[in-house]
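The values are calculated or read from the model by the stated rules, or taken from the named source; none is laboratory data. Everything numeric in this text was worked out from a predicted model, so none of it was measured. In this analysis, Cβ positions are derived from the backbone assuming ideal geometry, glycine residues included, and neighbour counts consider all displayed protein chains. Surface accessibility is based on the protein's heavy atoms, side chains included, excluding ligands, DNA and RNA. Shrake-Rupley method; radii C 1.70, N 1.55, O 1.52, S 1.80 Å.
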Amino acid sequence: MNGRSNPFVKPDDRSLTDQDILRSIQQGDQRTYETLFRHYYASLCQYGFSFLKDWEDAEEIVQSVFVTIWEKRQSLTIETSLKSYLYRAVHNRCLNRIKHLAIQAEYQQYKFAEANASEAPAQALMASELSERLQAAIQRLPEQCRLIFTMNRFEELKYQEIADRLGLSVKTVENQIGKALRILRVELAEYLPLFILLGIHAYD
C-alpha cells in the first residue's frame with residue numbers, strides 16, 4: 001500500500017511498520033488499535049465466514065481475537081506480519097469452534113441414543129405386562145361380550161361377519177364390542193398409552 005491508502009502513517013507521511021504498530025498497541029495507543037481493527041475487521045469476518053458459514057459466529061470470532069490482543073497487549077509477541085498473525089488467529093479459533101460444535105453434536109446424539117436404549121427395555125416390559133393383564137381382563141368379560149370381542153380383535157372379523165355367525169344384529173355386535181372396550185380401558189387404565197399403541201380397538 002502507498003502512503004495515501006495506508007491508514008498506518010506517521011505525521012511525516014512515513015508508513016508505520018508492523019513493529020511500530022505493535023509497539024504502539026503495547027503502549028496502550030487506542031487510536032492505533034482501533035485503526036488496526038477497522039482495517040482488517042471486514043476481511044477477517046469474511047475469512048471466518050468461509051469456515052463457519054455463519055456471519056454472527058464469524059464476527060464473534062474476529063471480535064474475540066481483537067479483544068485478546070488488547071487484553072494481552074503488554075505481553076504480545078508477533079514474529080510474523082500482523083496480517084498473518086490475525087488471519088492465523090481467526091483460522092485457529094474457527095477450527096476450534098468447528099471441533100466444539102462437532103463434539104456437541106456427537107454428545108447430543110449419544111444422549112439421544114442412551115435415552116432410547118434405556119426406554120426400550122422399560123417399554124418392552126410394560127408391553128409384556130399389558131399382554132398378560134389384557135388376557136386376564138378379557139377372561140373376566142361377560143360371556144357374549146368376551147366372545148364377540150375376541151372374534152373381532154383376534155380373528156379380525158368385521159361386525160357383519162360376527163353378526164352372521166352368531167345370528168345377531170350388527171347393532172348388538174357393535175354395542176358388545178363398545179362395552180368390552182369400556183371395561184378394558186377401566187381395568188387397564190395405567191397402561192392406557194400402550195393400550196392405544198398396541199391397537200386395542202374395534203374393527204369396523
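Which of the trypsin sites (Lys or Arg not before Pro) found in the stretch 57-102 are loop residues per DSSP with 11 or fewer other Cβ atoms within 10 Å of their Cβ?
72
So what is the accessible area of the stretch 35-94 per residue, in Å², with the probe set to 1.4 Å? Intermediate values should be presented prior to the final figure.
Working: 3480 Å² over 60 residues.
The answer is 58 Å² per residue.
Whenever you get a sec, compute what percent of the accessible area on the stretch 31-79 sits on carbon and sulfur atoms (1.4 Å probe).
The value for the stretch 31-79 is 46 percent carbon and sulfur by accessible area.
Please list 91, 100 in order of solvent-accessible area, largest first, computed with a 1.4 Å probe with all protein chains present.
100, 91
Quick one: how many Å² of residue 98 are accessible to a 1.4 Å probe, rounded to 10?
Surface accessible to solvent at residue 98 totals approximately 70 Å².
Using θ = phi - 60° and the Karplus form 6.51 cos²θ - 1.76 cosθ + 1.60, what ³J(HN,Hα) does each residue of the stretch 181-189 get, whole Hz, x for Gly and Pro?
Listing the rounded values in order: 5, 5, 5, 5, 5, 5, 5, 10, 4 Hz.
Loop-only GluC sites (Glu not before Pro) in the stretch 25-104, please: DSSP not H, G, I, E or B, and at most 11 other Cβ atoms within 10 Å.
Sparse-neighbourhood loop GluC sites (Glu not before Pro): 79.
Can you send over the solvent-accessible area of residue 132, 1.4 Å probe, protein chains only, in Å² to the nearest 10?
Per-residue accessible area (residue 132): approximately 130 Å².
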